[in-house]
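Engineer: Submitted below is the structure of interest, expressed as structure tokens.
The values are calculated or read from the model by the stated rules, or taken from the named source; none is laboratory data. From a predicted model like this one, the values you see are computed outputs, not experimental measurements. Glycine also receives a Cβ, built like all others from the backbone with ideal geometry; neighbour counts cover every protein chain displayed. The area values use the complete protein model at the heavy-atom level, side chains included, leaving out ligands, DNA and RNA. Shrake-Rupley method; radii C 1.70, N 1.55, O 1.52, S 1.80 Å.
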Amino acid sequence: MKRVAVLGATGSIGASTLDVIARHADRFRVTALTANRDVAALARLCARFRPEIAVVAEKGCESELRSLLAAQSPETRVLAGPEALVEAAQGAHADCVVAAIVGAAGLGSTLAAARAGKRLLLANKESVVMAGPLLLDALERGGGDLLPLDSEHNAVFQCLPGARPDLAQAGVRRILLTASGGPFRGRSRAELGDVTPDMACAHPKWSMGRKISVDSATLMNKGLEVIEAHFLFGAAASAIEVVVHPQSIVHSLVEYRDGSVLAQLGNPDMRTAIAHGLAWPERIEAGVPALNLIDIARLEFEAVDHGTFSCLGLAYQALAAGGDAPTTLNAANEEAVAAFLGGRLPFLAIAEVIEQCLSALPARPADGLDALLDSDLTARRQAQRIIARLAGC
Ligand code: NAD
Ligand code: MG
């Protein structure tokens, strides 16, 4: 029986994870569940899965959760705050941690799971972008496995020989990440001036949380994924390419020296990657319908429109600059996306905030967690100043 902690349990990845786990009560037991502040949703999940620990990130919410659980799951210990998230990730109650918190808020718990040698099922890409070398170091010290849940990285993992091979020795020439293109694929800049948050969150293929949905619409999601692939697979930026594939059936590809290109295909449903990560190296039922190639009929591929979707180029730029530039990129993006979702910033200004932030804050060495947290904070403050200026225009 594998004991699983689901961090970010009330979100989209959290729900898909619990759906897979519920299909395999003989294999997996949920021992910790966490949420930000949606106490009612967390309480419902606790009543169903009866974890040992439930954590609300926001302090002050724990008494409400405790009273909701008193009758329905009295054995669940209720904790609150960022330290409690770390405890949920590293405690002896779990063998396996699903890191599905959105944004930089997931960094502490992701690092803690890696340090503690848990099997880390990583959805929280922002923590790799912010602190890739630290995460790799924590994984090495902890000795656990990392299984990527991001569908592209899960696909690459499946197309590589074994976990974390040396790419040169394995004969890998390129990693090709596919991008759906998001809801605004094919539009010009002029057509994106007044798009709303709801339009940006209406993804044609994937149903996801609002932050990653906006990232998909700007293509920053693919930018974060290029940086994620660089750290997770040890690939040079020049060996990671992005191709737009609107059907989202081919989740990514690996090209080998001999001309072979291996791809992983499947319906666009995160439960495939989650089931793969939970059971690896075994395979289990995920609840995903079989792929019907006759119905799909066509697989299309096209180049990225870098002129309209400049965020992808900014991510390559941050990766090339190195040091804390990816941390700055991530922080500026989080602030800009929150401002857009809050109706304070137009869609096209998201890229502008990030670009101005990167040029105002030249890359510094990224030596240690404190330095990175400082870079994160500095970039957020800088982004807020830029947002205030742009919003005033
Ligand atoms: P979501 O918004 O649906 O859920 C986020 C979860 O994190 C919720 O449980 C929320 O309560 C929790 N959370 C939010 N802020 C928090 C904070 N400050 N402290 C602690 N917990 C907090 O997001 P999602 O779509 O499930 O995405 C989660 C992560 O997975 C993101 O990093 C995203 O990029 C990544 N991801 C998602 C998908 C997808 O299909 N949804 C695919 C690939 C990768
Ligand atoms: Mg992805």
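Engineer: Using Cα-Cα distances under 8 Å and only pairs 6 or more residues apart, what relative contact order does the stretch 34-147 have, in percent?
Structural biologist: Computed over the stretch 34-147, the figure is 20 percent.
Engineer: Stokes-Einstein diffusion coefficient for the stretch 2-149 at 20 °C in a medium of 1.002 mPa s, Rh from the Kirkwood formula over Cα pairs: what value in µm²/s?
Structural biologist: Answer from the Stokes-Einstein relation: 145 µm²/s.
Engineer: Is any helix in the chain, taking whole DSSP H runs, at least 18 angstrom long along its axis by alpha carbon and on average at least -0.5 on the Kyte-Doolittle scale, and which ones?
Structural biologist: Those that pass (Cα extent of 18 Å or more, hydropathy at least -0.5) are 125-142, 220-233, 325-341, 369-392.
Engineer: Taking R0 as 51 Å, what's the FRET efficiency between Ser238 and His24 from their Cβ-Cβ distance, rounded to 0.05?
Structural biologist: The pair Ser238/His24 has a calculated efficiency of 0.80.
Engineer: Now for a separate question. Say each of Arg141 and Ser260 gets a label point 7 Å from the Cα, pointing the same way as Cα to Cβ; how far apart are those two points in nm?
Structural biologist: 3.8 nm
Engineer: A follow-up question, please. Normalised radius of gyration for the chain, please: alpha carbon Rg relative to 2.2 N^0.38 Å, two decimal places.
Structural biologist: 0.95
Engineer: In percent, how large is the relative contact order of the stretch 129-259, given Cα pairs closer than 8 Å and 6 or more residues apart?
Structural biologist: For the stretch 129-259, the relative contact order is 41 percent.
Engineer: A further question follows. With a 1.4 Å probe and all protein chains left in place, how much of the accessible area of the stretch 322-392 comes from carbon and sulfur atoms, in whole percent?
Structural biologist: The C+S portion of the solvent-accessible surface of the stretch 322-392 is 54 percent.
Engineer: Could you report the stretch 322-392's accessible area per residue, 1.4 Å probe, as an integer in Å²?
Structural biologist: Per residue, the stretch 322-392 has an accessible area of 42 Å².
Engineer: Could you tell me the calculated FRET efficiency between Ala202 and Ala320, based on Cβ-Cβ distance and R0 = 30 angstrom, to the nearest 0.05?
Structural biologist: 0.35
Engineer: Sticking with the crude label model, points 7 Å out along Cα→Cβ, report the distance from Ala388 to Ile284 in nm, one decimal please.
Structural biologist: Taking the two extended label points, one gets 5.0 nm.
Engineer: Quick one: if the Förster radius is 35 Å, what FRET efficiency do Arg344 and Asp374 give, using the C-beta to C-beta distance and rounding to 0.05?
Structural biologist: After rounding, the FRET efficiency stands at 0.85.
Engineer: Would you give the gap between the C-alpha center of the stretch 351-375 and the C-alpha center of the stretch 279-335, rounded to a whole Å?
Structural biologist: Result: 22 Å between the Cα centres.
Engineer: Calculate the translational D of the stretch 129-214 in whole µm² s⁻¹ from Stokes-Einstein, where the hydrodynamic radius comes from the Kirkwood formula applied to all Cα pairs, the temperature is 10 °C and the viscosity 1.306 mPa s.
Structural biologist: 98 µm²/s
Engineer: Using 5 Å bins from zero, what percent of all Cα-Cα pairs in the stretch 203-298 falls into each bin?
Structural biologist: 2, 10, 16, 22, 22, 19, 7, 1, 0
Engineer: log₁₀ I(q)/I(0) of the stretch 322-392 at q = 0.13, 0.28, 0.29 Å⁻¹, via Debye over equal Cα point scatterers, no solvent, to two decimals?
Structural biologist: -0.32, -1.18, -1.24
Engineer: OK, next. Report, in debye and to the nearest 20, how large the dipole of the chain comes out about its Cα centre when Lys and Arg carry +1 and Asp and Glu carry -1 on their Cβ.
Structural biologist: Magnitude of the dipole: close to 540 debye.
Engineer: Hey, what's the Kirkwood Rh for the stretch 243-371 if you take every pair of different alpha carbons, in angstrom?
Structural biologist: In the stretch 243-371 this quantity evaluates to 18.2 Å.
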